[in-house]
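The values are calculated or read from the model by the stated rules, or taken from the named source; none is laboratory data. All of these numbers come straight from a predicted model, not from anything done at the bench. Here the Cβ positions follow ideal geometry from the backbone for every residue, glycine too, while neighbour counts run over all protein chains shown.
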Amino acid sequence: MVLSVVGTASYSFSNDITINIELDGENVTVSSLAFPFGKDIRSMENEIADYSLKEMNNVNSDVSSLRNGIFKIAERYGYTNINIEIKSQFGKNKLPMVLVVEGWSMYPTVDDGEEIIIEKTNNFNVGDIVIARDLEYGLLIKRVGNISGDRVFLSSDNNDTVTILENGTTLNMVPVEKWTDASNIVGVVRIFNINSI
């Protein structure tokens, strides 16, 4: 992962700042337009870059929580008129996240061990491949099979039972298909197999 701080340019008032954040799921770039008189703007940008990387990889974060955290950091450095611009490969105010798939329930669409990039969003449709939080299984990668009000049916592309040997014990792994609350959807898979990009 790469954190980069592009630098600053002069701006008309010492308490005004525009902070530009660019994210791609793996890297964060921070640049700001401000008048840095009496302010350690380089340290602020580094702190914002570190924070943004953590939030990008936090399954429970979203653009609002990222923006709020950046705002608080800039306030601590003495800025009062704060403009924050967040961009990713998915557009303005879109937050990406990289995940590694475990399991075969979405094969052949997605392989075990494949790296994917999701767009964190609660806008999804039937047929989309999503990541969902689940109390029993942790994070699930599934296809949206049905939507009924606030309930979402998560289905598998591969319904075959897979037999594996783990620590000398044979285990039969049956794909999980279940209903969940829409609030459990973390985001939609947008980029597959990022190792080959």
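If a residue has to be of a type in the set (Gly, Ala, Ser) and surrounded by 11 or more Cβ atoms within 10 Å (Cβ to Cβ) to count, how many in the stretch 129-143 make the cut?
The number of residues fulfilling the criteria is 1.
Please state which one of Ile164, Ile197 is exposed (fewer than 14 other Cβ atoms within 10 Å of the Cβ), under 26 Å from Asp24 (Cβ atoms), at pLDDT below 90 and not charged (D, E, K, R).
Sole residue among the options that is exposed (fewer than 14 other Cβ atoms within 10 Å of the Cβ), under 26 Å from Asp24 (Cβ atoms), at pLDDT below 90 and not charged (D, E, K, R): Ile197.
Name every residue in the stretch 87-107 that is part of a loop (DSSP other than H, G, I, E, B) and of a type in the set (Val, Ile, Thr), in order of residue number.
Selection gives Val101 alone.
Out of (1) exposed (fewer than 10 other Cβ atoms within 10 Å of the Cβ); (2) under 20 Å from the mean Cα position of the chain (by Cα); (3) at pLDDT 95 or above, what's the single condition that is false for Lys120?
Answer for Lys120: the failing condition is (1).
Filter the stretch 22-36 for residues that are crowded, with 18+ Cβ neighbours inside 10 Å and either closer than 19 Å to Phe192 by Cβ or not assigned by TED's automatic domain parsing to the domain that holds Ala74 (or both) and give the result.
Leu23, Asp24, Gly25
Checking Asn146 against (1) surrounded by 12 or more Cβ atoms within 10 Å (Cβ to Cβ); (2) not in a loop (DSSP other than H, G, I, E, B), which test does it fail?
Against the list (1) surrounded by 12 or more Cβ atoms within 10 Å (Cβ to Cβ); (2) not in a loop (DSSP other than H, G, I, E, B), Asn146 comes up short only on (1).
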